[in-house]
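Before any comments, here is the structure.
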Amino acid sequence: MGKKLLIHNDKVPGIETLNVYLAHGGYASVEKALKTMTPDQVTEEVKKSGLRGRGGAGFPTGMKWSFLAKPEGVPRYLVCNADESEPGTFKDRYLMEKIPHALIEGMITSSYALGANLSYIYIRGEYFYVARILETAIAEAYAAGWLGKNILGTNYSLDLHVQVGGGAYICGEETALLESLEGKRGNPRIKPPFPAVAGLWGCPTVVNNVETIAAVCPIVMMGGEEYAKIGIGKSTGTKLISASGHINKPGVYEIELGVPVEEFIYSEEYCGGIRNGKKLKAVVAGGSSVPILPTELILKTAKGEPRLMTYESLADGGFQTGTMLGSGGFIVMDEDTSIVKNLFTFTRFYHHESCGQCSPCREGTGWMEKILKKFLNGTANESDVELLWDIQSKIEGKTICPLGEAAAWPVAAAIRHFKHEFLEIAKSKKFVDISHYERLNKIRV
Amino acid sequence: MGSQVHGTQEFNKAKRAEIKFSDEAMKIVQTIISHYPQGKQKSALLPVLHVAQAEFGGWLSPEVMDYVASILNIKPIEVFEVASFYTMYNLKPVGKCVLEVCQTSSCWLSGAEDIVKYIEKKLSIKVGETTKDGMFTLKVAECLGSCGTAPMLQCGASFHENLTYEKVDKILDEYKTVGKQRSYTDLDYKNTL
């Protein structure tokens, strides 16, 4: 069993309530930080921990915090990104639903470090009921003096609120999220200025993912150096992985970074192997936008070394033979899966979610969806594969925000590793979806 | 959304007079507005639109959007540009229960298409349509964060997961009995459905 720091108490009855959470050591990091540490000391521990943003980009959190501008007399804000929308990702939902106080505790400790007196949790609108759970927990925290004026009798005061979004993937991009939090369309902003200088309402702002903020609590408690000892190399600590698709045990797993991918897929502790005794075909390891890898490349790197669940190992080989840890949305596909059809669902998603600001993304995602539809209709030609490749290559790097890359990468990877599937359909003029049989009668109830 | 576009001014005036939050909803709206600093009340727009949608029949008519604009002291166009951007706001009338079946990768891998077909057949409607009795609208949605419990559908504020045909039957029957979906203003998240 690996070490668990974030969801080790998820099965404790009543852990969503303040009393039970406190009885299991809850809010200790707030007590320690506010009473015995300066804000800069908290930031220093986060730096030492090597914690990297858990939303997908993996940017060092301590460094992000240290970029925060601190002009005199201007408020600073911490905004929690709970707009979890990357297909295949549902870990933040699990954490907030099961242990809402873990996020609130992290928000208080982190807000203290950043000198923010007003913070927001921006949660995707579809998670209505999770927002309710958070609001209930926040009300409890206010009533017990963990939020509000002079927390624990110190000079530090913090107000914390939840805002629900309106259903837009793009609001997971931090500047789009800030636009949305200001009551506008979720159009990403041109950077610079970065939110650390001009964020919410033009003030210095840090935007962090739910899991990142929750991880600050154990870091403060054990110290950054101890935390950095968990994991391998620059992949420190634990990570929540959302496992879904054709596996026996879909769900959220907290792993110590460094678990071999093969162990993660096949061991009973985690995914429990492929459903219905089928063989593994491919894995999307870090949410829909990261490159899909076929069995041989997801289990082992191109050099033949076992692939590990770390930022570095998954990225080994670049995009030619590697992928990314991303958000930890781990989608597993069995041998019957049509890669073309799966790609179609991804591309349809990105077309639907493109905000429409930049033409390469707005138009390109639509064209890609149309071409993929031709494959599903059996009307595609062999040259359509080249056309698809051409379009994706003209989106990447040419848009304001990374949605362009997110839409292009899965297309490129599917063609790179599974070109034969596209060509077969184009040649035979027939799309047979063997993965799409009446699955429902065969799966667990 | 100028009133000229949506019929005569007289008609809109009459309609607008009927649009007013209940006291309970108004209280929620005021609480939401209080979460933001003075002068930043526009930030309350997204959550307030959810309240408005729950209050006024599940969709946002031009008149409702104008009303929300007046409450937040912003221009009607600022409301419309937001309402038309986010997928959760309905700009056309919908049924009492809006069924949104997730169709993205993990749900598709687990049989979401079968669920959609099944509901279409059962309710005799296609995706995007509403049943004749006004009870159900069927939609498809992009990833709703339920990949580990796929396939799934969302109805109002409720998630229904690990769907099977039997489960769909049961859910539809229950909604028919209750007569409405749970919405943003229903504060008790522990309710079934």
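Only a single criterion out of (1) in a loop (DSSP other than H, G, I, E, B); (2) within 24 Å of A:H24 (Cβ to Cβ) is not satisfied by A:E84, namely (2).
With respect to being in contact (Cβ under 8 Å) with a residue 12 or more places away in the chain, away from every other protein chain (no Cβ under 11 Å) and closer than 23 Å to A:I395 by Cβ, A:G366 fits the description.
Kindly evaluate A:T236 against the criterion of being polar (S, T, N, Q), modelled with pLDDT of 95 or more and surrounded by fewer than 24 Cβ atoms within 10 Å (Cβ to Cβ). First the steps, then the outcome.
Details: polar (S, T, N, Q): yes; modelled with pLDDT of 95 or more: yes; surrounded by fewer than 24 Cβ atoms within 10 Å (Cβ to Cβ): no.
In short, no.
Restricting attention to region B:55-78, the residues that are facing chain A (nearest Cβ under 10 Å) and either out of contact with any helix residue (DSSP H, G or I) (no Cβ under 6 Å at 6 or more places or on another chain) or at pLDDT below 95 (or both) add up to 1. Answer yes if at least one residue in region B:113-129 is over 26 Å from A:D336 (Cα atoms) and either within 10 Å of another protein chain (Cβ to nearest Cβ) or part of a strand (DSSP E or B) (or both), and no otherwise. Looking through region B:113-129, none of the residues is over 26 Å from A:D336 (Cα atoms) and either within 10 Å of another protein chain (Cβ to nearest Cβ) or part of a strand (DSSP E or B) (or both).
So which residues in region A:9-28 are within 24 Å of the chain's Cα centre (by Cα) and surrounded by 15 or more Cβ atoms within 10 Å (Cβ to Cβ), if there are any at all?
Within region A:9-28, A:N9, A:D10, A:I15, A:E16 meet the criteria.
Looking only at region A:57-79, which residues are in a loop (DSSP other than H, G, I, E, B) and of a type in the set (K, R)? Scanning region A:57-79 gives A:K70, A:R76. Being in a strand (DSSP E or B) and either away from every other protein chain (no Cβ under 14 Å) or under 23 Å from the mean Cα position of the chain (by Cα) (or both) is not true of A:A302. Among residues that are closer than 26 Å to A:E269 by Cβ, modelled with pLDDT of 95 or more and either crowded, with 21+ Cβ neighbours inside 10 Å or assigned by TED's automatic domain parsing to the domain that holds A:G115 (or both), A:L78 is not included. Just one of the numbered conditions (1) in contact with a helix residue (DSSP H, G or I) (Cβ under 9 Å, 6 or more places away or on another chain); (2) under 30 Å from A:G237 (Cα atoms); (3) away from chain B (no Cβ under 14 Å); (4) of a type outside the set (F, W, Y) is not true of A:V197: (1). Counted as qualifying within region B:40-89 are the helices (runs of 4 or more DSSP H) with 3 or more residues that are in contact with a strand residue (DSSP E or B) (Cβ under 8 Å, 6 or more places away or on another chain) and closer than 16 Å to A:Q163 by Cα, namely B:45-55. Listed conditions (1) surrounded by 18 or more Cβ atoms within 10 Å (Cβ to Cβ); (2) more than 21 Å from the chain's Cα centre (by Cα); (3) farther than 19 Å from A:R124 by Cβ are all met by B:P62, apart from (2). Candidates are the residues of region B:153-173 that are surrounded by 14 or more Cβ atoms within 10 Å (Cβ to Cβ) and in a helix (DSSP H, G or I); the one that is nearest to the other protein chains (Cβ to nearest Cβ) is B:Y165.
Residues that are under 30 Å from the mean Cα position of the chain (by Cα) and on the phi > 0 side of the Ramachandran plot are absent from region A:408-425 altogether. Of all residues in region A:36-52, none are in contact with a Ser or Thr (Cβ under 9 Å, 6 or more places away or on another chain), within 25 Å of A:W146 (Cβ to Cβ) and within 14 Å of chain B (Cβ to nearest Cβ).
Against the definition (in a helix (DSSP H, G or I), under 16 Å from the mean Cα position of the chain (by Cα) and at pLDDT below 95), how does B:A25 come out, yes or no?
yes
Inside region A:320-349, residues that are surrounded by fewer than 21 Cβ atoms within 10 Å (Cβ to Cβ) and either in contact with a Lys or Arg (Cβ under 8 Å, 6 or more places away or on another chain) or assigned to a loop (DSSP other than H, G, I, E, B) (or both) make up a count of 5. Among the residues of region A:267-293, just one is of a type outside the set (G, A, S), outside any loop (DSSP other than H, G, I, E, B) and surrounded by fewer than 18 Cβ atoms within 10 Å (Cβ to Cβ), namely A:N276. When B:S105 is tested against the conditions (1) within 14 Å of chain A (Cβ to nearest Cβ); (2) touching a residue at least 12 places away in the same chain (Cβ under 8 Å); (3) within 15 Å of B:D169 (Cα to Cα), the lone failure is (3).
Being of a type outside the set (A, V, I, L, M, F, W, C), modelled with pLDDT under 95 and on the phi > 0 side of the Ramachandran plot is a condition met by no residue of region A:363-377.
Whether any residue in region A:114-128 is charged (D, E, K, R), surrounded by 23 or more Cβ atoms within 10 Å (Cβ to Cβ) and out of contact with any Ser or Thr (no Cβ under 9 Å at 6 or more places or on another chain) is what I want to check. Checked region A:114-128: no residue is charged (D, E, K, R), surrounded by 23 or more Cβ atoms within 10 Å (Cβ to Cβ) and out of contact with any Ser or Thr (no Cβ under 9 Å at 6 or more places or on another chain). Right, B:C143: crowded, with 21+ Cβ neighbours inside 10 Å and over 30 Å from A:D334 (Cα atoms) or not? No; evaluated as a whole, the condition is false for this residue. All conditions but one from (1) under 19 Å from the mean Cα position of the chain (by Cα); (2) assigned to a loop (DSSP other than H, G, I, E, B) apply to A:P193; the one that does not is (1). Please go through region A:324-335 and give me each residue that is more than 10 Å from chain B (Cβ to nearest Cβ) and either free of Cβ contacts under 8 Å to residues at least 12 places away in the same chain or farther than 18 Å from A:T212 by Cβ (or both), ordered by number. If the condition is that a residue be more than 10 Å from chain B (Cβ to nearest Cβ) and either free of Cβ contacts under 8 Å to residues at least 12 places away in the same chain or farther than 18 Å from A:T212 by Cβ (or both), then A:E335 is the only one that fits. Taking region A:114-141 as the range and being more than 8 Å from every other protein chain (Cβ to nearest Cβ), under 26 Å from B:N90 (Cβ atoms) and in a helix (DSSP H, G or I) as the test, the residues that pass are A:V130, A:A131, A:L134, A:E135.
Has region A:25-34 got at least one residue that is assigned to a loop (DSSP other than H, G, I, E, B), touching a His at 6+ places or on another chain (Cβ under 8 Å), more than 22 Å from A:L257 (Cα to Cα) and of a type outside the set (G, A, S)? Checked against the condition, which is being assigned to a loop (DSSP other than H, G, I, E, B), touching a His at 6+ places or on another chain (Cβ under 8 Å), more than 22 Å from A:L257 (Cα to Cα) and of a type outside the set (G, A, S), region A:25-34 yields at least one hit. Here is the figure for region A:385-423: residues that are touching a helix residue (DSSP H, G or I) at 6+ places or on another chain (Cβ under 8 Å) and over 15 Å from A:Y350 (Cβ atoms) total 13.
When region A:149-194 is filtered for residues that are more than 8 Å from every other protein chain (Cβ to nearest Cβ) and among the β-branched types (V, I, T), the ones remaining, listed by number, are A:I151, A:T154, A:V162, A:I170, A:T175, A:I190.
The values are calculated or read from the model by the stated rules, or taken from the named source; none is laboratory data. Computed from a predicted structure; not experimentally measured. Cβ coordinates were reconstructed from backbone atoms using ideal geometry, including for glycine residues, and neighbour counts include every protein chain displayed.
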